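The values are calculated or read from the model by the stated rules, or taken from the named source; none is laboratory data. Model, not experiment: these values are computed from the prediction. Positions of Cβ are generated from backbone atoms using ideal geometry, with glycine treated the same way; all protein chains shown enter the neighbour counts.
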Amino acid sequence: MKRLQDKVAVITGAGNGIGAEAASLFAGEGAMVVVADIAGDAARGVCERIRARGDRALAVTVDVTEAESVKTLMDATVEAFGTIDVLYNNAGGSRPGDGTVVEVEMDVFWRTIKVDLLGTFLGCKFAIPWMRKAGGGAIVNMVSSVALMGTPGVDCYTAAKGGVAALTRSMAVTYAADGIRVNAIAPTTTLTQRIIEKLKSNPTAQRLSAKNLLGEPLPVDIAHAALFLASADARMTTGSIFPVDSGTLIY
């Protein structure tokens, strides 16, 4: 049997990059996938590609920083597919202008916190009640290797992802009795189109890339980690921060 057969999976930030790879992979493993992204056209494009091969998908436009938008996403999911079994809080990323606490502009800090930390918080807030009704589920959050080590020059992103890591552990304890597992992935620099562009000129991205012992992961490598954590293969795993870091954290 396919690993997510007949499960309902919501993936945010699924219009491109890691999220799009995860949507395709989850659908191929039998899931009914909700492709959620602030870029509606991108979400619809991913959805159409999944449907074209005979798998099940729904595209929803969402702003993960707005509570009502996230609630609407979860309500639309349940209306279309009846429940929520998996939530992959993939939306997020570093913001242009990130820097040190002394130098960074406050709007960059708050935007990063809203997209990465608040977005994850809201996804969980509105998905967990449906998972409870279903008798359990799996949540996969996105952290980053920068949250697990000292990385100069990205203090906003580090703070936001560190918050997601702490929230992941807290929710794992809180909702274990409901049969809800909560884990997170901590990728290193991953070769999405955005990162490929950053590697051309961003010193922080270049420093992190140089530490990758096995080279930079592809988006599909992160998607496979998310699939594992979402599936019954990880049924005894909760509260874990799962590095897909090409060895960056060992030296």
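Values for this structure:
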{"read-out": "Candidate set: region 108-120, residues that are in contact with a Lys or Arg (Cβ under 9 Å, 6 or more places away or on another chain) and not aliphatic (A, V, I, L, M); chosen: the one surrounded by the most Cβ atoms within 10 Å (Cβ to Cβ)", "value": "116"}
{"read-out": "Some residue of region 61-82 being modelled with pLDDT of 95 or more and assigned to a strand (DSSP E or B)", "value": "yes"}
{"read-out": "Among (1) touching a Lys or Arg at 6+ places or on another chain (Cβ under 7 Å); (2) more than 15 Å from residue 32 (Cα to Cα); (3) of a type in the set (Val, Ile, Thr), the one test that residue 86 misses", "value": "(2)"}
{"read-out": "Any hit, region 129-150, residues being part of a loop (DSSP other than H, G, I, E, B), in contact (Cβ under 8 Å) with a residue 60 or more places away in the chain, over 19 Å from the mean Cα position of the chain (by Cα) and closer than 27 Å to residue 249 by Cα", "value": "yes"}
{"read-out": "Residue 173 in contact with a Pro (Cβ under 9 Å, 6 or more places away or on another chain), in a helix (DSSP H, G or I) and either among the small types (Gly, Ala, Ser) or on the phi < 0 side of the Ramachandran plot (or both)", "value": "no"}
{"read-out": "Filter result for the condition that a residue is surrounded by fewer than 17 Cβ atoms within 10 Å (Cβ to Cβ) and under 19 Å from residue 88 (Cβ atoms), over 179, 123, 137, 150", "value": "179"}
{"read-out": "Residue 233, sole failed condition from (1) in a loop (DSSP other than H, G, I, E, B); (2) more than 17 Å from residue 92 (Cα to Cα)", "value": "(1)"}
{"read-out": "Residue under evaluation residue 94, criteria (1) in a helix (DSSP H, G or I); (2) closer than 22 Å to residue 40 by Cα, criterion not met", "value": "(1)"}
{"read-out": "Selected residue (only one of 112, 192, 168 is among the hydroxyl-bearing types (Ser, Thr, Tyr) and at pLDDT below 95)", "value": "192"}
{"read-out": "Lone unmet requirement of (1) outside any helix (DSSP H, G or I); (2) in contact with a helix residue (DSSP H, G or I) (Cβ under 9 Å, 6 or more places away or on another chain); (3) of a type in the set (A, V, I, L, M, F, W, C) for residue 165", "value": "(1)"}
{"read-out": "Sole residue being in contact with a Lys or Arg (Cβ under 9 Å, 6 or more places away or on another chain) and closer than 19 Å to residue 120 by Cβ, chosen from 62, 70", "value": "70"}
{"read-out": "Residue within region 234-248 that is in contact with a helix residue (DSSP H, G or I) (Cβ under 8 Å, 6 or more places away or on another chain), modelled with pLDDT under 85 and either buried (at least 20 other Cβ atoms within 10 Å of the Cβ) or not β-branched (Val, Ile, Thr) (or both) present", "value": "yes"}
